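Participant: Below is a structure I'd like to ask you about.
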Amino acid sequence: MLKPNLPSLDDTEGASVPEGLHGIVDAHVHIFPPEIFSAIRQWFDTHAWHIRYQFETSEVFDFLLSRGITHIVALQYAHKPGIAGELNRYMAKKCRDYPNSVTGMATIFPGEKDAEKILREAFASGLGGVKLHAHVQCFDMNADYMNLIYECCQSNNKPLIMHVGREPKSPAYHCDPYEICNSEKLETVLRNFSGLRICVPHLGFDEISAYRRLTETYDNLWLDTTMMLSGYFISEEAINPDAFRIDRIIYGSDFPNIPYAWDRELKRIKALGLAPEILELILRKNACNFFRI
């Protein structure tokens, strides 16, 4: 659970990606317009940790790309109805400045008016999929209003990144993730929309084993590693990439909204001693497959 005053670590950062790691796609990077970025930093300062990297959008992209990240998947989420169109236009504009290096995701507030029109406009602008965050947006995966989003993504062959793991939760959210998020609800979506590619961030924390089992049953589910291999959160479940369906695990950092060095998780992935072909899957190939990069 997120709590106030979680530690911000002063671990040493590298000037480039760890030696021996190449062609890395960071599939979980956040950008927002300046005023929303500022509000998010204030929220984290109050309810979680101090964000180490106080960057604006272009600084986020330039920082990672200059240090050897080959491609970035940029994410946003609409925290209220009526702003998704503006956020999507902002994302598309910023991505056009990095045409070969950044893939931007659209967002929508589930249940809002004209949701399908907003998403179709976002896809037409070049955005490559949709990002949702159940903790912030307080949606029920199995509600009728979600079917429009699933159907729109599926019919347009666009992936959906959906934070529906129960952790890290916070009492500062307006809903209880333990009531609206669980692997059984996601399984219903996977079964009903078999042509929809879905990625659940943070390995589905704190139902990691349940989400791992779902990847073994459903070919339309991926998981990203974001923060879970960094050693920052304590998990009751052992997290070993070798125990997962290895073609369904994607590296992501959560940059810049992290409390430690940008390359902390990459260093730990390298230290696992995984075979080169497995590293290539986690760090590049799986993301390219999921996002059609």
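Participant: Determine which member of the set Ile180, Ile250 is of a type in the set (Val, Ile, Thr), modelled with pLDDT of 95 or more and over 14 Å from the mean Cα position of the chain (by Cα).
Facilitator: Details: Ile250 fails: over 14 Å from the mean Cα position of the chain (by Cα).
Result of the check over Ile180, Ile250: Ile180.
Participant: Right, something else. Within the set of pairs 6+ apart or on separate chains, which have a first residue in the stretch 6-29 that is farther than 24 Å from Trp49 by Cα, a second that is surrounded by 15 or more Cβ atoms within 10 Å (Cβ to Cβ) and among the aromatic types (Phe, Trp, Tyr), and C-beta atoms under 9 Å apart?
Facilitator: Filtered contacts from the stretch 6-29: Ile24/Tyr251; Val25/Tyr251; Val25/Phe291.
Participant: With (1) under 30 Å from Phe63 (Cβ atoms); (2) without any contact (Cβ under 8 Å) to a residue 40 or more places away in the chain; (3) among the basic types (Lys, Arg) as the list, and Lys131 as the residue in question, which single condition is left unmet?
Facilitator: (2)
Participant: Given Arg67, Arg89, which one is farther than 25 Å from Ile149 by Cα and of a type outside the set (A, V, I, L, M, F, W, C)?
Facilitator: Just a single option satisfies the conditions, and that option is Arg67.
One line per residue, one yes/no per condition, for (1) among the β-branched types (Val, Ile, Thr); (2) surrounded by fewer than 17 Cβ atoms within 10 Å (Cβ to Cβ); (3) touching a Pro at 6+ places or on another chain (Cβ under 8 Å); (4) farther than 22 Å from Ala78 by Cα:
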site	(1), (2), (3), (4)
Lys158	no, no, no, no
Asp176	no, yes, no, no
Glu184	no, yes, no, yes
Glu187	no, no, no, yes
Thr215	yes, no, no, yes
Met228	no, no, no, yes
Asn257	no, no, no, no
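The values are calculated or read from the model by the stated rules, or taken from the named source; none is laboratory data. Just so it is clear, the structure is predicted and the values come from calculations on it, not from any experiment. Virtual Cβ from ideal backbone geometry, glycine too; neighbours counted across all protein chains shown.
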